[in-house]
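To start, the structure itself, in structure tokens.
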Amino acid sequence: MSFMPPDFAPASSEIFMLIMVCVVMLADLTVGQNRRYVTYLLTQATLFGCAVLTFSSFSNEVVLTFSGMFVDDTLADTLKLMTYGTVSAVLIYSHTYIADRGMLRGEFFSLTLFATLGMMVMISASHFLTLYLGLEILSLSLYALVALRRDSVISTEAAMKFFVLGALASGFLLYGMSMIYGATGSLQVTEVAKAIQNGVNAKEVLVVGLVFIVAGISFKLSAAPFHMWAPDVYQGAPTAVTLFIGSAPKFAAFGFVMRLLIEGLEQMASDWQGMLVILAVMSMAIGNIAAIAQSNIKRMLAYSTISHMGFLLLGFISADANGYSSALFYVIAYVLMTLGTFAMIMLLCRNGFEAENISDFKGLSKRNAWYAFITLLLMFSLAGIPPMIGFYAKLAVLQAVVNAGFVWLAVVAVLFSLIGAFYYLRIIKFMYFDEPETNEPILLNNDVKILLNANGLAILVLGIFPQALMGISLYAIQNSM
Amino acid sequence: MSFDFPLLSLIIWLPILFGVAVFATGHDRNAQLARYIALTGSILGFMVALPLYTQFNITSTAMQFVENYVWFERFNVNYHIGVDGISMPLILLNCLITPLVVIAGWEVIKERVSQYMGAFLVMSGIVNGVFSSLDAMLFYVFWEASLIPMFLIIGIWGGPNRVYAAIKFFLYTLLGSLLMLVAFIYLYKTSGGSFSIQDYHQLAIPLTPQILIFIAFLLAFAVKVPMWPVHTWLPDAHVEAPTGGSVVLAAILLKLGGYGFLRFSLPITPDASHYLADMMIVLSLIAVVYIGLIALMQADMKKLIAYSSVAHMGFVTLGFFLFDAYGVEGAMVQMISHGFISGAMFLCVGVLYDRMHSRQITDYGGVVNKMPIFAAFFMLFAMANAGLPGTSGFVGEFMVIMSTMKISFWYAFFAALTLILGAAYTLWMYKRVIFGQVTNSAVEELQDISKREFVLLAILAVLVLWFGVYPFPLTEVMHATVDQLIVHVNSSKL
């Protein structure tokens, strides 16, 4: 019996990432604080290298390796490329912010890259254990990132909360997975699907396992009623880290749901559909209504995220490729909007001044008409007003929901998004209708300026020409099922 | 008729491009440049819309000036635009009002001029888009997008309570339109994946879904028109909006609702329309009579005109649900004429407000002694608002009342009350503001209207009289379309 080495090629970008994280960590030890930009550039180069590797081996078919524990397909490659882009944008946006606050250290970069590695593993996992592994790499890095400002009480508290609740959620997931293993005798995603299709004896065990898995997923997605960590973590974490938590991991979470619920447990759609309906409606209700009462903008955006996650879950309810691609489109649109919004918050921060409150947006249109306009686009997009991209995301999801016969659910969803429109309008009100409290000019580096303009205009331009992005979402889903 | 030049696209996008150019002038030190670009853009916008009238084939019932391109395939959405006899006059009205609004804000707006002028131009293009869309999704995008500039106009340049009014305006309108979106998506599903409005017209739908779709449309359009009891946003928005904003709201944005009934509710859900016609007629009559009484009680001039708008728009919805060519045409004439008259009334109040900074009727009195030319114009518009024969205000109301009489004497009786109520609230206000002794020392200081204001009011005065005496140019273009619409609405789709 000879040992056959597994095919490493499909995982080349993950391997490259792992090596480079070590390189970044070591390299950072050798540079002084005043030459920290070397670490920054090395990190960006790593992401770029991963993108090149993933892109050059872009796969149009489903390739399994490591005894079926790892999968490389169109969906995985698409999500990974978007993750690299998002992480890279996060680093560009937060560079000045972390430098001003003394967090420009090697840890920030290596933890970010580790988190990215975790996301990549989650996206490419085709085995429940690989999924769990990726999730933990991501989560542990995020806990540490939240606590990065160690002298801040609120950050530490947020990190503790995040850790405790996250660990609980991981426990749920593991428990659910073990039940599924008990019922089907396998942890490999496609094997599980096959076993369920052939019929299992202990249907009850399977359903209970499913409940735990859905609960775990809801924790990670911050869907109500498992959302309690999100507002505290969003508020407590340094804004740069909030930006990171709020953006890139959503792709991984989407991949996570796809692998677990769709590829593994699609046969049980009739069971999880009902759960998702409840989660979605609760998220939209709690998210939108609680957001109205917030005066801290990061907290408000956390509740807004909860409501958006509710909308996202609606996309899965139809349980067909049309719905999944709508959900993917929603995630892409959502991440674009989140990036822009948090970048805008960091833009208002100065050395020694933390923009935390909605009222910090007061009179922005008089201080800087252009950035006020970009925020206007972002807010209308989050509220789902055409011709911004957020509208098409909602349209796609609603279309999938109606197609699946849940017209009432679509009505509920639009009514909650009406409530949601109010708090986005409130930010516009502060920007346009009120007088500024400070005349401090808004200073930006050129790279941030270019990226922010591109990000803001993408909200509008992709809204006017949504075809390309919709096409990509549909292709990625259809080609991987 | 083939017409290769993309005229409609030009009518939609030219004002928007000029609007962007106006935005680009930026700071207030370029205010004069912004004003001139805005004026050029709005006048060009009107000029390019004229061929729509001259080249229009009045015998055809088909859509004209059609352009159809794929917009995004994923949901089979097309950039499909065209006009018929219903939408064409409304586009012309919009293109005509835009330069007037620009001129009206010429000296009055001193802060953030480029944003003000640009917002009106962009809105003008968007509204043209609403009137010419033949694809439901395109329609929806334009429809919602039109909220954004108006929201900013009310919120930035409005009166003391502007924030409340702006948010109320936005959320109220959004409520209606979101349900319309669900209706569109439902129709998309039942039609087998089409967003074409003309496909929807032919789609057979059972009565229960028809009624639900009708109600979804009703919420969207009734809020916009606005019908009683969802009219409460209008007085707030009007009172707080700057003069130009009030003019556009009354003259143009309210017409979007009326247009929606003709383009969507009646032809897509004809059976539900018949089924619920009595309810619609009663709601319209409540608007005419009850809101007329409320208007009588107003102490604020703008509020009074706002309520009178609601009452007049009640005639429009009344005319639609009589299912009679005469009634629909009367309602259309009423929409156009209300565009002129309410626009003119708001401009008149604006003239007074710019001088006195008060809209309270009691602050005035004896204005005729100081502003005789203005008083003459105001008289004409007040008479037109009251529906005096010889002004355009009479034509539409008379046609609708005639048509109502065919259905029921009592409906017609209540509708005709408007002639009394309209005269009462308008002329009573006129008397208190214009005649009498000068009691307020500020009135003593008043200057008569400037050349700029004279031009504005004169253009509207000519139109009001012209269409009052000779409405034929207006009715002839809509005959064919309205006749076909009535035939369509009166044949069941069940």
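The values are calculated or read from the model by the stated rules, or taken from the named source; none is laboratory data. All figures in this text were calculated on a predicted structure; none of them were measured in a lab. Neighbour counts run over all protein chains shown; Cβ positions are idealised from the backbone, glycine included. Each accessible area value is taken on the protein alone, full model and side chains, heavy atoms only, with ligands, DNA and RNA left out. Shrake-Rupley method; radii C 1.70, N 1.55, O 1.52, S 1.80 Å.
Answer yes or no as to whether B:L207 is of a type outside the set (S, T, Y), within 12 Å of chain A (Cβ to nearest Cβ) and farther than 29 Å from B:Q64 by Cβ.
no
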>> Quick check on my filter: what residues within region A:383-430 are farther than 30 Å from B:V163 by Cβ and without any contact (Cβ under 8 Å) to a residue 12 or more places away in the chain?
In response: A:V402, A:G405, A:V407, A:W408
> Can you pull out the residues in region A:131-183 that are hydroxyl-bearing (S, T, Y) and either in contact with a Phe, Trp or Tyr (Cβ under 6 Å, 6 or more places away or on another chain) or not in a helix (DSSP H, G or I) (or both)?
Replying inline: A:S141, A:Y143, A:S152, A:Y175
>> For the structure I just gave you, tell me whether A:L313 is over 16 Å from B:V182 (Cβ atoms), away from chain B (no Cβ under 14 Å) and open to solvent by less than 10 Å² (accessible area, probe 1.4 Å).
In response: yes
> Taking region A:442-481 only, how many residues are within 24 Å of A:K80 (Cβ to Cβ), in contact (Cβ under 8 Å) with a residue 12 or more places away in the chain and among the polar types (S, T, N, Q)?
Replying inline: 5
> Which numbered condition trips up A:S295, out of (1) of a type in the set (S, T, N, Q); (2) open to solvent by less than 10 Å² (accessible area, probe 1.4 Å); (3) over 19 Å from A:L377 (Cβ atoms)?
Replying inline: (2)
>> Looking only at region A:4-32, how many residues end up being assigned to a helix (DSSP H, G or I) and in contact (Cβ under 8 Å) with a residue 12 or more places away in the chain?
In response: 17
>> Condition (residue is open to solvent by 10 Å² or more (accessible area, probe 1.4 Å), over 28 Å from A:K298 (Cα atoms), assigned to a helix (DSSP H, G or I) and in contact (Cβ under 8 Å) with a residue 24 or more places away in the chain) applied to region A:194-203: is it met by at least one residue?
In response: yes
> Which numbered condition trips up B:V310, out of (1) in contact with an Asp or Glu (Cβ under 9 Å, 6 or more places away or on another chain); (2) within 25 Å of B:V127 (Cα to Cα)?
Replying inline: (1)
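Identify, please: which residue in region B:433-448 is more than 13 Å from B:F378 (Cα to Cα) and in a helix (DSSP H, G or I) and is, among those, least open to solvent (accessible area, probe 1.4 Å)?
Residue satisfying both the conditions and the ranking: B:V443.
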> Quick check: anything in region A:265-273 touching a helix residue (DSSP H, G or I) at 6+ places or on another chain (Cβ under 8 Å), surrounded by 24 or more Cβ atoms within 10 Å (Cβ to Cβ) and of a type in the set (A, V, I, L, M)?
Replying inline: no
>> What's the total number of residues in region B:350-374 that are farther than 14 Å from B:S450 by Cβ and either of a type in the set (F, W, Y) or surrounded by 22 or more Cβ atoms within 10 Å (Cβ to Cβ) (or both)?
In response: 3
> What residue, of B:R29, B:R112, is among the basic types (K, R) and surrounded by 15 or more Cβ atoms within 10 Å (Cβ to Cβ)?
Replying inline: B:R112
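Within region A:364-481, which helices (runs of 4 or more DSSP H) (wholly inside it) include 2 or more residues that are at the interface with another protein chain (Cβ under 10 Å from one of its Cβ atoms) and closer than 15 Å to B:I148 by Cα?
Values: elements: A:364-367, A:369-383, A:389-403, A:407-433, A:446-464, A:467-478.
Result: A:369-383, A:407-433.
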> Can you find a residue in region A:100-123 that is open to solvent by 10 Å² or more (accessible area, probe 1.4 Å), at pLDDT 90 or above and closer than 23 Å to A:L261 by Cα?
Replying inline: yes
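Residues checked against (1) at pLDDT below 90; (2) surrounded by 23 or more Cβ atoms within 10 Å (Cβ to Cβ); (3) under 28 Å from A:I332 (Cα atoms):
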residue	(1), (2), (3)
A:L18	no, no, yes
A:C22	no, no, no
A:T43	no, yes, yes
A:G49	no, no, yes
A:L53	no, no, yes
A:L81	no, no, yes
> Considering only helices (runs of 4 or more DSSP H) fully contained in region B:222-295, which possess at least 3 residues that are in contact with a Gly (Cβ under 7 Å, 6 or more places away or on another chain)?
Replying inline: B:243-248
> Here is a list of conditions, (1) part of a helix (DSSP H, G or I); (2) under 23 Å from the mean Cα position of the chain (by Cα), and B:A412 meets all of them except one; can you say which number that is?
Replying inline: (2)
> Quick one: how many residues across region B:1-26 are of a type in the set (G, A, S), surrounded by 14 or more Cβ atoms within 10 Å (Cβ to Cβ) and part of a helix (DSSP H, G or I)?
Replying inline: 3
> Any idea how many residues of region B:148-191 are more than 7 Å from chain A (Cβ to nearest Cβ), without any contact (Cβ under 8 Å) to a residue 40 or more places away in the chain and within 22 Å of the chain's Cα centre (by Cα)?
Replying inline: 2
